[in-house]
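Contents: one structure, followed by commentary.
The values are calculated or read from the model by the stated rules, or taken from the named source; none is laboratory data. Since we're looking at a predicted model, the values are computed, not measured. Don't worry about glycine lacking a Cβ; one is built from the backbone with ideal geometry, like all the others, and counts go over all protein chains shown. The area values use the complete protein model at the heavy-atom level, side chains included, leaving out ligands, DNA and RNA. Shrake-Rupley method; radii C 1.70, N 1.55, O 1.52, S 1.80 Å.
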Amino acid sequence: MAGESTPPATGKTLSSGSMEVKERRKWIVSASDVVSHFGTSGMSVAAATGITHPLDVLKVRLQMQLVGQRGPLVGMGRLSLQVVESEGLRSLYLGLAPALTRSVLYGGLRLGLYEPSKYLCELAFESTNILVKIASGAFSGAIATALTNPMEVLKVRMQMNTRSRLGPIYEMRRIASEEGVRALWKGVGPAMARAATLTASQLATYDESKQALIKYTPLEEGFHLHLISSIISGTVSTLMTAPMDMVKTRLMLQRESSCAGMYRNGLHCAYQVLRTEGPSGLYKGGLAIFTRLAPQTMITFVLCEKLRGLAGLKAI
């Protein structure tokens with residue numbers, strides 16, 4: 001009798017045991033996995049930042065044109081010539097040190113947290129639809145920005161302050177002593193909103209574009225698929241984040257510009273821009289944002305996918 005009942009009991013035990021082991025394995029994350037996720041993400045974003053940094057400098061300068069006024073704006077091409085002629089070629093790399101520092105931390109957190117967040121949502125809700133991807137992207141982007149906002153403030157200040165030649169450490173001490181430590185988190189609200197929107201639109205669009213292209217075109221996992229998906233992603237994220245990027249820049253530069261020192265918060269800034277500069281004011285520097293963000297997105301995703309492959313991680 002005992003012999004008759006043993007086989008089914010053993011089979012059931014093995015079956016449920018294997019399911020339990022499988023579930024446990026899903027939740028186990030090794031230190032090497034964490035390092036690989038954050039390392040590949042941080043390195044790819046840092047490389048893209050270094051290549052596109054001059055465009056970021058021009059974007060900030062364009063966003064600070066005619067603050068509180070309407071009028072003809074200087075275009076990106078003309079501004080770049082003016083900057084190089086009056087300040088030299090090195091001025092296009094102002095704020096590069098804090099930009100690279102931030103990109104390693106921000107990029108590592110933003111892209112590094114996206115996959116685990118999506119994975120946990122998949123386990124919790126048994127779904128990986130577009131809403132899960134948007135939520136995962138928004139969460140990882142907001143967290144990454146909240147932690148790295150001081151580097152962003154420092155970068156923007158140095159990009160506008162051509163007289164600052166004493167380096168980022170001195171500049172950070174100056175801001176903290178003159179304006180208080182809280183000044184390093186100026187604009188953190190709009191910055192988090194922008195990062196959440198950027199990451200959600202960028203990663204979710206990239207993810208969905210890849211799946212659609214694989215399903216409806218002959219493209220397979222590889223360089224061309226990553227390139228086309230990242231172009232689509234860069235375009236969508238630029239359109240969605242340009243106004244928030246402009247508001248973030250204005251708030252972070254309030255002390256540097258007396259004209260910009262009239263904003264109480266992000267909503268007040270957006271309202272004042274709409275009232276005094278018109279709807280187009282929210283898209284100042286929009287072309288520079290796209291010119292920077294589109295190639296940055298392409299470089300980031302193509303390089304990240306390649307590094308993930310070398311590290312033995314699956315594609316995003």
**OP:** Name the residue, out of GLY261, GLY167, that is modelled with pLDDT under 85, open to solvent by 40 Å² or more (accessible area, probe 1.4 Å) and not hydrophobic (A, V, I, L, M, F, W, C).
**Re:** GLY261
Subject >> Restricting the stretch 179-192 to residues that are part of a helix (DSSP H, G or I) and without any contact (Cβ under 8 Å) to a residue 12 or more places away in the chain, the residue that is most open to solvent (accessible area, probe 1.4 Å) >> reply: ARG182
Subject >> Subset of the stretch 281-316 [more than 30 Å from TYR119 (Cα to Cα) and of a type in the set (Gly, Ala, Ser)] >> reply: GLY281, GLY285, GLY286, ALA288
Subject >> The listed residue being charged (D, E, K, R), touching a Leu at 6+ places or on another chain (Cβ under 9 Å) and open to solvent by 20 Å² or more (accessible area, probe 1.4 Å), out of ARG174, ARG157 >> reply: ARG174
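Rundown of residues vs (1) in contact with a helix residue (DSSP H, G or I) (Cβ under 6 Å, 6 or more places away or on another chain); (2) open to solvent by 10 Å² or more (accessible area, probe 1.4 Å), yes/no style:
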{"position": "PRO116", "(1), (2)": "no, yes"}
{"position": "GLU122", "(1), (2)": "no, yes"}
{"position": "PHE125", "(1), (2)": "no, yes"}
{"position": "ASN129", "(1), (2)": "no, yes"}
{"position": "ILE134", "(1), (2)": "yes, yes"}
{"position": "GLY137", "(1), (2)": "yes, no"}
{"position": "ALA142", "(1), (2)": "yes, yes"}
{"position": "THR145", "(1), (2)": "yes, no"}
{"position": "ASN149", "(1), (2)": "yes, no"}
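For LYS133, are the conditions met, namely being within 21 Å of LEU198 (Cβ to Cβ) and in contact with a Gly (Cβ under 8 Å, 6 or more places away or on another chain)?
So LYS133 fails the test.
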Subject >> Selected residue (only one of THR249, THR199, THR205, THR217 is without any contact (Cβ under 8 Å) to a residue 40 or more places away in the chain and buried (at least 23 other Cβ atoms within 10 Å of the Cβ)) >> reply: THR205
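Just checking, does the stretch 269-282 include any residue being within 21 Å of ALA200 (Cα to Cα) and either open to solvent by 10 Å² or more (accessible area, probe 1.4 Å) or of a type outside the set (Lys, Arg) (or both)?
The answer is yes, given that some residue of the stretch 269-282 is within 21 Å of ALA200 (Cα to Cα) and either open to solvent by 10 Å² or more (accessible area, probe 1.4 Å) or of a type outside the set (Lys, Arg) (or both).
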